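*Asks:* Structure provided below as structure tokens; questions to follow.
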Amino acid sequence: MPVPTHHAVVLGGGLAGILAAHVLAEHVDTVTIIDRDDLPEGPEHRKGTPQARHTHVFVEGGYAALEDLLPGITDELTGLGAHQLHHPADILVRRPTGWRDRMAPEVGIISASRALTDWAIRRRVLAHPRITVAPPATVVGLLGDRRRISGVRLRDRGATDTRRLTADLVIDATGRSSHTHDWLTELKLPAVHREHIDSGIRYATRVYQAPPGTPATFPLLLVEPNPASDRPAVAGMLSPIEDDRWILTLVGPKHDPPPTDEDGYPPFLRSLADPILADLIAAATPLTPPYGFANTANHRNFYERARFWPDGLLVLGDAYATFNPIYGHGMATAVLAAHALRRRWQRHHPLLPGAARRSQRAIAKVTEPAWRMATAQDLRLPHTTTTGRHPGRLAKLNNRYADRMIAAIPGRPDLQRASLRVFALLDSPLRLFTPRVLWQTLRGPRGQYLPEAPLTPEERRILTPASETTADS
Ligand SMILES: Cc1cc2nc3c(=O)[nH]c(=O)nc-3n(C[C@H](O)[C@H](O)[C@H](O)COP(=O)(O)OP(=O)(O)OC[C@H]3O[C@@H](n4cnc5c(N)ncnc54)[C@H](O)[C@@H]3O)c2cc1C
């Protein structure tokens, strides 16, 4: 008798889909990835991931989990030119009351173009003999019934008809444009609870060649929004990426959006709470026009709460939950979800009856901290719209505590470390309520934020006009 073979289909070849395929390949005979794009052979931009034109920082909780999934990937990325930077040593942050001082490294990020990050991960994963990428096709529906999903309907590129592809497991990782919610109602399953919390922020991003003489270890600079100001959601961030380039993202709300035209971009940049980013960019060469992005809402389909969940279906990455990108948690959460699935499937095979539902719960669990952080912050903004949820008394108390803790950080490295580790998704948010953190928060700051960005003299040199540099030397 032939031994049955198991086939899984992953919808979407973005970060979440690629990593889902990686962990699945240990448990099934073949994994087919379906994407409507050709997945490029190099670090190139593609149409299916428009957000990839914008700043993508990879927080340590995410890249540490990635390292566990793909050992050596951090070195591979830095070898390709990605920058590994650390709070507070080389990530300079301007809070509403001044700049955070530089201190010994605590918590890392990886800064690179999204095209580079995705490609480095993709080429590692696609080397697996059980993983195949199908020719480009758009998935248009699910096959099966309310008890079990048995495959997908797809339309090959250039075709008018659709075809069926059967599978023992379907994983939806089609990102923000996922249709699973609607496809499930077509199969007569009850609609699943979803939440949509939209601060309406807009992104505008440009890539620059860094000025000649920029130190290879140049820091990342972030001018944060000031919730108490009359422009509570305007911010800017400059990050070094591969090939001596800088990526600069400006952020603003719907009624005060960062311009996407070349004339409007510089004045908006200069209007930030600190002129440092404008001064740095003055000496850099633009390589791209400003690209805009408006679809920045927090959106979550609470599939884990569904009354009925069919076997054979899982949803992860942005297809399950998206976050306001300003918090930089989307990629990390996708990795943490893949990591959670690997841990779960090491004990329980993914094709067992009921396994999909339990795996969906594991995804929900690792998504929760990022979801709570992003939505709690956004619900404070006056222009945020929500499909129902409003901050309760506990949330307001939490916000007051978080503000007090941030204000208490100067001169308190323990407090800084605790908050950085939670924000990097390395520690549970409960770590912000230990007796030590509570005590230090109540006592208040022991130092002050700085009036100017703490650049080193070498870093500052690129701000100096060329004539003065020559006279100095
Ligand atoms: C402006 C912006 C900035 C961001 N910055 C950060 C950051 O700094 N740090 C961070 O961690 N996260 C950031 N994020 C979030 C991050 O981009 C996402 O969380 C991450 O890309 C999710 O990966 P994914 O694989 O789920 O989705 P995606 O990367 O969007 O991939 C989805 C894939 O599915 C394919 N697809 C879609 N529909 C279909 C279909 N019907 N049929 C076939 N294929 C389909 C697409 O072509 C694509 O390849 C940012 C997001 C935005 C919008």
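The values are calculated or read from the model by the stated rules, or taken from the named source; none is laboratory data. What you see is a predicted model, and the numbers here were worked out from it, not measured in a lab. A quick note on method: Cβ atoms are made from the backbone with ideal geometry, for glycine too, and the neighbour counts reach across all protein chains shown. Just so you know, the surface numbers come from the protein's heavy atoms only, side chains and all, with ligands and any DNA or RNA stripped out. Shrake-Rupley method; radii C 1.70, N 1.55, O 1.52, S 1.80 Å.
*Asks:* Suppose we keep only residues that are surrounded by fewer than 22 Cβ atoms within 10 Å (Cβ to Cβ) and among the acidic types (Asp, Glu) within the range 167-187. Which one would you say is nearest to the ligand (Cβ to nearest atom)?
*Replies:* 182
*Asks:* In contact with a Gly (Cβ under 7 Å, 6 or more places away or on another chain), of a type outside the set (Asp, Glu) and more than 7 Å from the ligand (Cβ to nearest atom): which single residue out of 39, 24 fits that description?
*Replies:* Details: 24 fails: in contact with a Gly (Cβ under 7 Å, 6 or more places away or on another chain).
Exactly one residue qualifies, and that residue is 39.
*Asks:* Something else about it: Taking residue 197 and the conditions (1) part of a loop (DSSP other than H, G, I, E, B); (2) within 16 Å of the ligand (Cβ to nearest atom); (3) not charged (D, E, K, R), which numbered condition does it fall short on, given that it satisfies the others?
*Replies:* Of the numbered conditions (1) part of a loop (DSSP other than H, G, I, E, B); (2) within 16 Å of the ligand (Cβ to nearest atom); (3) not charged (D, E, K, R), the odd one out for residue 197 is (1).
*Asks:* Next question. Which ones in the range 75-90 are open to solvent by less than 20 Å² (accessible area, probe 1.4 Å) and in contact with an Asp or Glu (Cβ under 7 Å, 6 or more places away or on another chain)?
*Replies:* If the condition is that a residue be open to solvent by less than 20 Å² (accessible area, probe 1.4 Å) and in contact with an Asp or Glu (Cβ under 7 Å, 6 or more places away or on another chain), then 82, 88 are the ones that fit.
*Asks:* Just one of (1) under 21 Å from residue 182 (Cα atoms); (2) open to solvent by 20 Å² or more (accessible area, probe 1.4 Å) trips up residue 159, so point out which.
*Replies:* Here residue 159 clears every test but (1).
*Asks:* Working carefully through the options 249, 322, 260, 296, find the one that is among the polar types (S, T, N, Q) and open to solvent by 30 Å² or more (accessible area, probe 1.4 Å).
*Replies:* Details: 249 fails: open to solvent by 30 Å² or more (accessible area, probe 1.4 Å); 322 fails: open to solvent by 30 Å² or more (accessible area, probe 1.4 Å); 296 fails: open to solvent by 30 Å² or more (accessible area, probe 1.4 Å).
Step by step, each of 249, 322, 260, 296 is checked, and only 260 is among the polar types (S, T, N, Q) and open to solvent by 30 Å² or more (accessible area, probe 1.4 Å).
*Asks:* What number of residues in the range 263-293 are open to solvent by 30 Å² or more (accessible area, probe 1.4 Å) and not polar (S, T, N, Q)? Spell out the reasoning first.
*Replies:* The first filter runs over the range 263-293 and keeps only residues open to solvent by 30 Å² or more (accessible area, probe 1.4 Å), leaving 263, 266-267, 270-271, 273, 275, 279, 282-283, 285-289, 291-293.
Okay, now just the ones that are also not polar (S, T, N, Q), so 263, 266-267, 270, 273, 275, 279, 282-283, 286-287, 289, 291-293.
Final tally of qualifying residues: 15.
*Asks:* Tally up the residues in the range 344-379 that are under 21 Å from the mean Cα position of the chain (by Cα) and either surrounded by fewer than 14 Cβ atoms within 10 Å (Cβ to Cβ) or of a type outside the set (Ser, Thr, Tyr) (or both), please. Don't jump to the end; show me each part of the working.
*Replies:* Within the range 344-379, the subset under 21 Å from the mean Cα position of the chain (by Cα) is 360-379.
Next cut, either surrounded by fewer than 14 Cβ atoms within 10 Å (Cβ to Cβ) or of a type outside the set (Ser, Thr, Tyr) (or both) only: 360-366, 368-374, 376-379.
Residues flagged as under 21 Å from the mean Cα position of the chain (by Cα) and either surrounded by fewer than 14 Cβ atoms within 10 Å (Cβ to Cβ) or of a type outside the set (Ser, Thr, Tyr) (or both) within the range 344-379 amount to 18.
*Asks:* Still on this structure, I have one more. Going by the conditions given, is residue 49 in contact (Cβ under 8 Å) with a residue 12 or more places away in the chain, of a type in the set (S, T, N, Q), closer than 30 Å to residue 166 by Cα and within 12 Å of the ligand (Cβ to nearest atom)? Reasoning before the result, please.
*Replies:* Values: in contact (Cβ under 8 Å) with a residue 12 or more places away in the chain: yes; of a type in the set (S, T, N, Q): yes; closer than 30 Å to residue 166 by Cα: yes; within 12 Å of the ligand (Cβ to nearest atom): yes.
Answer is yes for this residue.
*Asks:* Residue 68 is checked against (1) buried (at least 20 other Cβ atoms within 10 Å of the Cβ); (2) within 24 Å of residue 425 (Cβ to Cβ) and fails just one. What number does that condition carry?
*Replies:* Failing condition for residue 68: (1).
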